[in-house]
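For reference, the structure is listed below as structure tokens.
The values are calculated or read from the model by the stated rules, or taken from the named source; none is laboratory data. Keep in mind that what you see is a predicted model, and the values were worked out from it rather than measured. Here the Cβ positions follow ideal geometry from the backbone for every residue, glycine too, while neighbour counts run over all protein chains shown.
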Amino acid sequence: MAIKTKDGSESQILAVGGYRPKRLVPNSEIIQKIDSTDEWIVQRTGIESRRYASADESLVDMAVAASEQAISRAKLTSADIDTIILASITYPYQTPSAATDVAMRIGNPHAAAFDIGAACAGFSYGVAMAHDLVRAGTSKNVLVIGAEKLTDFLDPADRATAFIFADGAGAVVVGPSKEAGIGPVVWGSDADSRDAIVMSPAWTDMRDKDYKSIVKDSVWPNISQEGQKVFRWAVFSMSKAAVKALEASGLSVNDIDAFIPHQANIRIIETMAKEMKMPESVVIADDIRTNGNTSAASIPLAMDALLEKHPELHGKLALLIGYGAGLVYAGQVVALPPKP
Ligand SMILES: CC(C)(COP(=O)(O)OP(=O)(O)OC[C@H]1O[C@@H](n2cnc3c(N)ncnc32)[C@H](O)[C@@H]1OP(=O)(O)O)[C@@H](O)C(=O)NCCC(=O)NCCS
């Protein structure tokens, strides 16, 4: 089967790259501060371990490593990249963007470069924009990066988040193609649930408190969430959105080879697959088990891991669906990149 889109020039993912920090953190290192157990975390989320960046390893360091791997696997150089889109919620500077830092560091300081904030859906938002930019002829080769250092904004004593979130970066190069390699995006939001996942307080709230109270209350902006609310929304609404993404490409679950949803919770992933009546032949990404939830980085990292484990999937069709704080979501069918 092939992806169906409107007539015009097409786009495809030319290559994927990933960067996982060296430090592997098993559940045993997390549980003490949150009064939990390895069994509870594995049973409720599937997470056995995750990766944490070191203190001197920045979000941009990780983004550059993933980008360089993707560019080299695409058999391009950084000079061939004319647009850089970086999705993140944890870049610690308001401006200039992380994307411009990546542009500098990969040696192409003249590329169009900007960041987007769509939380765990950020990568799929970026792929959708890259697809449109290439199809419209605005850009030729777009580097789409998802990069997060969530440990900078994580409360290690928060029972609802400390065991879930982690660090890493993934990147793809989206370029021109004769055949449709990226299907139409299905995206949207449920903004009435904006409060379900938040990073607070605001920087301005911090400024308005005196230093002593900040230290005393340790009100550093941390991520927090209503776990059950997010769980229910993900399971019921996201399987419907994923089916719509398949239909937008003229496909059904029987036409795809892989399912690469946002890596938030293995129970969400398995329930979505069941709701969608996904046949057993579809390979389902489960990077969550060893890498936790890396927000915008989770889909490209899961794609990279899946292709490493299943090289036969190069060039085959995969359904992507990202969702997260906002609440926002985006999904599309893509042809996985060819073998480098
Ligand atoms: C966070 C999450 C794993 C919590 O699992 P849950 O089954 O909803 O847990 P609940 O909050 O209902 O709590 C169930 C029980 O576990 C306990 N519990 C909660 N957190 C715990 C923890 N970290 N360790 C051990 N026990 C815990 C609760 O106290 C409760 O105990 P009780 O039954 O004796 O009252 C789950 O809600 C989830 O994954 N939600 C989706 C979040 C997500 O994916 N966010 C990112 C989206 S981008």
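Look at (1) in contact with a helix residue (DSSP H, G or I) (Cβ under 8 Å, 6 or more places away or on another chain); (2) within 16 Å of the ligand (Cβ to nearest atom); (3) charged (D, E, K, R) and you find that Arg232 fails only one, number (1).
Being touching a helix residue (DSSP H, G or I) at 6+ places or on another chain (Cβ under 9 Å), closer than 19 Å to Leu154 by Cα, modelled with pLDDT of 95 or more and within 16 Å of the ligand (Cβ to nearest atom) narrows it down to one of Thr271, Thr294, so name that one. First the steps, then the outcome.
Numbers: Thr271 fails: closer than 19 Å to Leu154 by Cα.
Testing whether each residue is touching a helix residue (DSSP H, G or I) at 6+ places or on another chain (Cβ under 9 Å), closer than 19 Å to Leu154 by Cα, modelled with pLDDT of 95 or more and within 16 Å of the ligand (Cβ to nearest atom) leaves just Thr294.
When Asn27 is tested against (1) surrounded by 15 or more Cβ atoms within 10 Å (Cβ to Cβ); (2) more than 14 Å from the ligand (Cβ to nearest atom); (3) within 23 Å of Gly168 (Cα to Cα); (4) polar (S, T, N, Q), just one condition goes unmet, and that condition is (2).
Could you say which residue among Met278, Met272 is assigned to a helix (DSSP H, G or I) and in contact with a Phe, Trp or Tyr (Cβ under 9 Å, 6 or more places away or on another chain)?
Met272 is the lone residue from the list that is assigned to a helix (DSSP H, G or I) and in contact with a Phe, Trp or Tyr (Cβ under 9 Å, 6 or more places away or on another chain).
Name the one entry in Ala130, Ala160, Ala166, Ala171 that is within 16 Å of the ligand (Cβ to nearest atom), surrounded by 24 or more Cβ atoms within 10 Å (Cβ to Cβ) and not acidic (Asp, Glu).
Values: Ala130 fails: within 16 Å of the ligand (Cβ to nearest atom); Ala160 fails: surrounded by 24 or more Cβ atoms within 10 Å (Cβ to Cβ); Ala171 fails: within 16 Å of the ligand (Cβ to nearest atom).
None of the others qualify; the one that does is Ala166.
Ala63 meets each of the listed conditions (1) aliphatic (A, V, I, L, M); (2) out of contact with any strand residue (DSSP E or B) (no Cβ under 6 Å at 6 or more places or on another chain); (3) buried (at least 20 other Cβ atoms within 10 Å of the Cβ) apart from (2).
Just one of the numbered conditions (1) closer than 19 Å to Leu301 by Cβ; (2) crowded, with 20+ Cβ neighbours inside 10 Å; (3) not small (Gly, Ala, Ser) is not true of Gln12: (1).
Would a scan of the range 93-100 turn up a residue that is within 16 Å of the ligand (Cβ to nearest atom) and touching a residue at least 12 places away in the same chain (Cβ under 8 Å)?
Our first condition is that a residue be within 16 Å of the ligand (Cβ to nearest atom); within the range 93-100, this holds for none.
No, the range 93-100 contains no residue that is within 16 Å of the ligand (Cβ to nearest atom) and touching a residue at least 12 places away in the same chain (Cβ under 8 Å).
When you check Leu313 against the structure, is it among the aliphatic types (A, V, I, L, M) and over 12 Å from the mean Cα position of the chain (by Cα), yes or no? Judged against the criteria, Leu313 is a match.
Note on the range 298-340: residues that are touching a helix residue (DSSP H, G or I) at 6+ places or on another chain (Cβ under 8 Å), in contact (Cβ under 8 Å) with a residue 40 or more places away in the chain and part of a loop (DSSP other than H, G, I, E, B) total 6. The residues listed here are Val134, Val102, Val142; of these, the one that is over 30 Å from Met199 (Cα atoms) and either modelled with pLDDT of 95 or more or of a type in the set (Val, Ile, Thr) (or both) is Val134. Would a scan of the range 152-166 turn up a residue that is acidic (Asp, Glu), over 29 Å from Gln32 (Cα atoms) and either within 16 Å of the chain's Cα centre (by Cα) or part of a helix (DSSP H, G or I) (or both)? Taking every residue of the range 152-166 in turn, none turns out to be acidic (Asp, Glu), over 29 Å from Gln32 (Cα atoms) and either within 16 Å of the chain's Cα centre (by Cα) or part of a helix (DSSP H, G or I) (or both). Looking for something more than 16 Å from the ligand (Cβ to nearest atom), under 30 Å from Gly183 (Cβ atoms), over 22 Å from the mean Cα position of the chain (by Cα) and of a type in the set (Gly, Ala, Ser) - is there at least one such residue anywhere in the range 7-22? Yes: the range 7-22 contains one or more residues that are more than 16 Å from the ligand (Cβ to nearest atom), under 30 Å from Gly183 (Cβ atoms), over 22 Å from the mean Cα position of the chain (by Cα) and of a type in the set (Gly, Ala, Ser). Taking every residue in the range 21-42 that is on the phi > 0 side of the Ramachandran plot and pairing it with any residue that is within 10 Å of the ligand (Cβ to nearest atom), at least 6 positions away or on another chain, the pairs with Cβ-Cβ distances below 9 Å are Asp35/Arg159.
Residues of the range 252-268 that are more than 11 Å from the ligand (Cβ to nearest atom), surrounded by 17 or more Cβ atoms within 10 Å (Cβ to Cβ) and in a loop (DSSP other than H, G, I, E, B): Ile256, Asp257.
So which residues in the range 134-157 are more than 22 Å from Gly17 (Cα to Cα) and either of a type in the set (Ser, Thr, Tyr) or within 13 Å of the ligand (Cβ to nearest atom) (or both), if there are any at all? Break it down stepwise before answering.
So in the range 134-157, the residues more than 22 Å from Gly17 (Cα to Cα) come out as 135-138, 152-157.
Answer for the range 134-157, where residues must be more than 22 Å from Gly17 (Cα to Cα) and either of a type in the set (Ser, Thr, Tyr) or within 13 Å of the ligand (Cβ to nearest atom) (or both): Thr138, Leu154, Asp155, Pro156, Ala157.
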